[in-house]
Amino acid sequence: MALFTLCARAAAQSPILPPPDSVSLEKLGLMNSFPPVGDQIVNNENRGKYPQMRWVLQHTREVVPTRNIRRGNSPVSELPAAPRDFDGLVFEDDKGQKITVAEWQKNTYTDGLIVLHKGRVVYERYSNQMKAETPHLLFSVTKSFTGLLAAQLIHEGKIDANSVVSKYVPELAESAWGDMTVQQVLDMTGAVRFREVYTDPTSEIFPYLYASNLLPVPTGYAGPKTIYEFVKTLKKEGEHGAGFVYRTVHSEVLGWIVSRVTGKHFADLLSERVWSRLGMQEDAYVMVDAVGTPLQGAGLNASLRDLARFGEMLRRGGEFNGQRVFDRSVIDELRKGGDREKFKASGMSFRPGYSYHNQWWILHNTDGAFEASGVHGQMIHINPAAEMVVVKLSSHPVAGAGLTQALTLRAWDALAKAVRTLDK
């Protein structure tokens with residue numbers, strides 16, 4: 001899903017993008033003086049605009065309500081270093097032109113990039129004022145955390161994937177989710193009228209953005225003021241299970257189920273089951289709406305190295321830091337992927353051969369790669385065959401992945417090929 005209306009308008013077929021250097025935080029000087037004045041100020045009125053967005057993605061909790069995700073009191077888990085200089089690594093872009101890894105990062109407005117091979121940090125870069133300890137907004141990468149928690153609860157017998165949603169959340173009985181199964185929510189094959197058309201102000205995405213605090217509420221707005229108020233208004237459109245259509249609201253409903261079953265807030269559950277077990281270096285946090293409901297489809301903020309720890313745990317089948325975090329069968333099921341024919345209903349031709357399962361993107365390539373993805377360039381990419389994890393955090397002017405995905409796939413291949421040579 002997308003956050004910013006300006007970026008949505010920029011997402012035309014051939015958008016004119018600003019030179020990355022011209023919109024770097026170093027160049028812009030946003031919020032730099034004491035106090036900030038004039039064009040330096042980022043506030044509720046302009047936080048949804050570009051380039052102010054570049055600052056917001058690293059300072060989310062300074063402009064909207066959030067809830068902390070504690071790392072706990074355990075020692076920080078080691079990420080051993082075996083550095084390699086991949087800056088000059090050359091590969092062909094999607095137009096057949098040669099490009100280096102450093103140029104790829106710059107041209108895609110990257111704020112941070114880390115590559116792990118066999119659990120060792122082989123490459124790590126920061127730009128645009130981002131630091132190792134900086135929490136970055138992850139947008140829809142959040143969905144994949146929510147999906148994993150739900151899948152683990154299914155494994156534990158606390159959720160029945162084949163039961164209808166209204167069994168767990170009766171408040172949704174009259175909505176699109178009344179007769180939708182939990183698995184259809186997980187795979188986004190449930191039929192609900194929810195259009196994510198950012199150029200159409202009548203699209204359902206806008207009341208969701210207002211209800212969730214992702215965009216400031218405009219003057220005169222009389223719609224739902226919270227996430228759960230909003231999802232209750234959505235109706236069924238079509239046949240459940242017919243095809244995959246990417247809809248952020250499914251993740252919010254899934255999060256509601258998870259919280260209802262566990263009796264715990266997403267932030268507390270994620271702290272208990274993930275952050276405190278992985279030996280994270282930093283606390284994380286999640287955006288919340290007007291009554292404290294977490295945005296489980298888009299609101300997580302975390303640091304680059306901690307996301308690498310999370311990715312490494314997945315590469316290792318759910319184990320890390322001497323602890324079993326997720327059952328191996330949960331990860332194995334995730335990696336199987338979903339129905340590739342149903343995926344075609346999404347119209348995402350820029351993700352050829354992909355499927356979507358349990359809120360994760362599955363590449364179905366020879367390396368068995370899978371990934372979490374968020375708008376404006378947020379990625380956790382796991383390549384089991386190459387024993388590689390890559391995390392990329394960005395602040396690209398265009399929200400959707402369609403503009404950059406072909407290049408991203410080539411970058412993944414180049415990095416996988418490079419790490420395979422490290423043991424030779």
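FYI, it's all coordinate maths here, none of it is from the lab. Source: prediction; values computed, not measured. FYI the Cβ positions are ideal-geometry reconstructions off the backbone, even for glycines, and counts take in every protein chain you see.
What the table shows:
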read-out	value
Residue with peak Gaussian network fluctuation, the chain [Cα springs, cutoff 10 Å], from 397, 80, 35	35
Cut-off 13 Å (backbone N to label point 7 Å along Cα→Cβ of residue 323), residues of the range 249-270	269-270
Global geometry of the range 268-424, whether rounded, prolate or oblate, following the gyration tensor of its Cα atoms and the 1.5 cut on a/c	rounded
Where Rh is the Kirkwood radius over Cα pairs, Rg/Rh for the range 234-303	1.05
Residue-by-residue Karplus 3J(HN,Hα) for the range 349-354, coefficients 6.51, -1.76, 1.60, Hz, glycine and proline x	5, 6, 10, x, x, 6
Relative packing of 179-192, 45-58, 96-109, which averages over residues the other C-beta atoms within 10 Å, highest first	179-192, 45-58, 96-109
Value of D in µm² per second that Stokes-Einstein yields for the chain, Kirkwood Rh from Cα pairs, at 25 °C (0.890 mPa s)	113 µm²/s
Ascending count of other beta-carbon atoms within 10 Å, so fewest first, for 120, 305	120, 305
Whichever lysines have a C-alpha closer than 30 Å to that of residue 336, once near sequence neighbours (fewer than 8 apart) are set aside	118, 143, 158, 167, 236, 264, 344, 392, 417
Under the Karplus curve 6.51 cos²θ - 1.76 cosθ + 1.60, θ = phi - 60°, whole-Hz ³J(HN,Hα) for the range 409-416, x wherever Gly or Pro sits	4, 5, 5, 4, 5, 5, 5, 5
Karplus 3J(HN,Hα) series, Hz, for the range 357-374 with 6.51 cos²θ - 1.76 cosθ + 1.60 (x for Gly, Pro)	8, 6, 6, 10, 8, 10, 7, 6, 8, 5, 8, x, 6, 8, 7, 9, 9, x
